[in-house]
Each structure stands twice: as structure tokens, then as C-alpha cells.
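One structure is given below, encoded as C-alpha cells.
The values are calculated or read from the model by the stated rules, or taken from the named source; none is laboratory data. In this text, all values refer to a predicted model and were calculated from it rather than measured experimentally. Cβ sites come from the backbone with ideal geometry, for glycine too, and all protein chains shown count toward neighbours. To get the accessible areas, we keep the full protein, side chains included, count just its heavy atoms, and leave off ligands, DNA and RNA. Shrake-Rupley method; radii C 1.70, N 1.55, O 1.52, S 1.80 Å.
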Amino acid sequence: MMVVSIPEVQVNFRRYLALSLRYTFRRKPLTTILLVPWLLSVWLAGTLFTGPVTVLDFLQKEPLGTLFILFFLLLPLLTVWGTRRQYQASSLLQHAADYILSATGVGIRGPVVNADLAWPAFTRADRFGSWLLLQTSEQSAFFLDLEQVAAPANSADALAMIQASGVSIHS
Amino acid sequence: MEPILLTNVHITQADYLDINWPIVMRKRGWISILLTSALITYLFRNDGLYASESWLYRIGITLAIVAIMTVLLGFGYRRAIKKQYNGTPLMQQLATYRLTAAGIEKTSAMQHLELPWASCQGVRRLGRWYFLVTGPQRGEFLDPACLEAPATEVDLRALLQQHGLAFI
């Protein structure tokens, strides 16, 4: 039986952050609207620091507006901090694991988990470059690096196997 | 040590809602309060709805807004929890857990899972359930009603504590 193995996969925090953000924007395109008040806040903050109106004047005149600007300026920091906490809370993400794809499902072998999941357990897969997010729900996914597929198989074999199992791949 | 067995553990959509509702309220309740207060403040300042001089009318309108917001937000949160349950096939399966000195073994039609105790960060009491936290928004739901005799809930608690799992 054909088996595709992807050994020693580990996602570092920067990649995890990038993939999480791309996933969020793909699944919830409406979140891109948040970029509008964020850009507006950056611009307003810029004018406050360079223009004739000082920050203190603005705070006095528009206390709510100042709060609004502050919140959106801090939003990227809050996002990174939240994602960091998520990353550190997951023992699976902290350690490298071997993934074995077969006709029946996926095997995960690592120091903190030893699991076999049948294909129906997966709801969807999302591709971002060489990375594939294999999801068991909207909140949890396995991160596979298709560049690390062990020879003689290659990334196309891995994708073909997932597709044949009935899991839809989005890219 | 004899392994502790929990057979045919099944978490239904109603169970999942019961478990998550208080958590969502604790985490997101303040957003609802904030949104409602913001709406009332806005309406007050623009005095369209609040134009009447009658205090009875003003209180009535405020209560009506609070009621509508509560229903709308409550409905939204409940729908989100149900969607989460329906979108996770793994959770809907009947599962058997085997707890040994080495760790937890879970078997269902869709998965076989072996987790060493070190992968568990703690245990949370949620209604009658024991929720073993294994990651962010991830964990295993143990139903003491599914314990296989002669093991009892006391044994289960003792085992969890023996492996250093704190009740959080």
C-alpha cells in the first residue's frame, strides 16, 4: 500500500503567525475591513505627532476618538500576543512530529502525541505555499510542510492522496 | 495499576452547548455589556428615541434595548457554539478512553490517540464532565457516568491528581 511520509515537521512561531493570519483572511474575508480603521488610526496618529494639533488637545476634545485610535494602533500587537499565547499553549506545535498519509487516514508520531485519524475526521485542507493546514475543525489543524515529503514520494503524491480521500483542498 | 476505562463516551450538541455557554459568557459577556452600553449612550446623546420627558418611557426604552441586545447576542453565541460542534466530526463520535500509568488512550471509529500525561496541562470541571486540557481550545471530555466498574469517580480523580494534573 502506498504511503506518503513527511518526517520531522515543525512550524516555528513566525510561520505559525503568518499562516494563521492568512487563514483568517481567507476564511473570514470581512476581517480585511479592519484594515480601514487601522490605516485611519495610523494616519491620524501621524498627523497628531507632526501637525498643529497636539495629542493632548485631541485627547481633551475627542476622548472617545483617542481611545479609538489607541485601540486600533494596538490591535496588531494584541493579535501577535494572542497568537503567541496560542502557540505556546500547544504541546503539539512545540515539538517536531512525523506525519504518515495513507489510504485510510493520517498517522502522527511525535514525542507528545501518537495518533491515527481516519480521513472522515478531516473537514478541509488549506494550502499556503508549501504549507498545508489539515483541519479537524475550524479551530484546529495539523501543519504539514509539503516540501519535506520523504522520497520517493513528492508533494504531488501527498496532495493526490488527500484529494482521493474526499477532503477538499483550497488554495 | 489497573487501567481505568470509560466506555462509549458521547458528547451531544446539547452537552457541548451546556459546557461552553458559561465559558463564552465569562469570556465575552463584557463585550455584550460594552456594546449595549455604547448603543444606549449613543441613543441618549442623539435624543431621537429619548426625546420624551417621561422617565417611565425612557426606562422602558432602555430595558427594551437591553432585552433586544441580550436576545440577539445570546442567539449569535449559541449559534456559534452549535456550528463549532457540527463542524467537528471527531467530537461527535462515541469514544472509549483507557487511562493507564503511561497516559491516555482514546479509541473511536475515526481515531486512535495516545497521549502521555505530560501532554495534559490540567483538568477542568465542567458540569459533570472532566475536561483534560491538551492545547489551546483543545482537550478531551471525560464523562464519569461512563466509568467501567469497579473504577469510581474517586479513582478517576485520584489518578488525575497522581499524574500532577491540577484542577484549573
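Values as computed for the structure displayed
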quantity	calculated
Surface accessible to a 1.4 Å probe, per residue, for the residues of the range A:15-89, Å²	74
Between the range A:115-160 and the range A:39-67, the Cα center-to-center distance that results, in Å	46
DSSP H segments from chain A that extend 30 Å or more along their own axis, Cα-based, with Kyte-Doolittle mean of 0.5 or above	A:63-89
Residue B:104 long-range amide H proximity, modeled H, under 5 Å	B:115, B:117
Buried area at the A-B interface (accessible, heavy atoms, 1.4 Å probe, summed, Å²)	1600
Net charge dipole size for chain B [Lys, Arg +1 and Asp, Glu -1 on Cβ; Debye, nearest 20]	640
Whole-percent carbon and sulfur share, accessible surface of chain B, 1.4 Å	62
Check: the protein assembly as shown dipole with +1 on Lys, Arg Cβ and -1 on Asp, Glu Cβ, in debye	880
Per-residue ³J(HN,Hα) for the range A:124-136, Karplus 6.51 cos²θ - 1.76 cosθ + 1.60, θ = phi - 60°, Hz, x for Gly and Pro	5, 10, 10, 9, 10, x, 8, 8, 10, 9, 9, 9, 9
Protection proxy ranking of A:61-67, A:128-134 - average other beta-carbon atoms within 10 Å, highest first	A:128-134, A:61-67
Positive-end residue of A:163, A:68, A:92, charge dipole of chain A with Cβ unit charges	A:68
0 to 90° range, to nearest 10: angle between helix B:153-162 axis and chain B longest Cα axis	80
Local electrostatic count at residue B:133 - Lys and Arg +1, Asp and Glu -1, tallied over other residues with Cβ under 14 Å	+3
Cα pair distances of the protein assembly as shown binned at 10 Å [whole percent]	5, 19, 26, 22, 15, 9, 4, 0, 0
All Cα pairs of the range A:1-126, percent lying beyond 24 Å	52
Peptide B:90-97, shielding by other chains (average Cβ, 10 Å cutoff)	2
For chain B, radius of gyration divided by Kirkwood radius, i.e. Rg to Rh on alpha-carbons	1.19
Per-residue HN-Hα couplings for the range B:95-101 [Karplus 6.51, -1.76, 1.60; θ = phi - 60°; Hz; x = Gly/Pro]	10, 10, 10, 10, 9, 10, 5
Helical contribution to [θ] at 222 nm, DSSP H n ≥ 4, -39,500 (n - 2.57), averaged over chain A, rounded to 500	-14500 deg cm²/dmol
For q = 0.16, 0.18, 0.27 Å⁻¹, Debye-computed log10 I/I(0) when each Cα of the range B:13-89 counts as one equal scatterer	-0.67, -0.76, -1.22
Accessible area of the range A:15-89 belonging to carbon and sulfur atoms, whole % at 1.4 Å probe	75
Shielding by partners, peptide A:6-18 (average Cβ within 10 angstrom, other chains)	0
Shielding by other protein chains, A:114-122, mean Cβ within 10 Å	6
Kirkwood Rh in Å, taken over all unlike Cα pairs in the range A:15-89	14.1
Surface accessible to a 1.4 Å probe, per residue, for the residues of chain B, Å²	57
Degrees, to the nearest 10: B:55-86 long Cα axis against longest axis of chain B	30
In degrees, nearest ten, helix B:13-46 long axis to first principal axis of chain B (Cα)	20
Interchain or long-range residues, amide H under 5 Å from residue B:111's placed H	A:118
Set of aspartates and glutamates near residue A:28 by C-alpha distance (under 18 Å), chain-local residues within fewer than 8 positions excluded	A:126, A:138
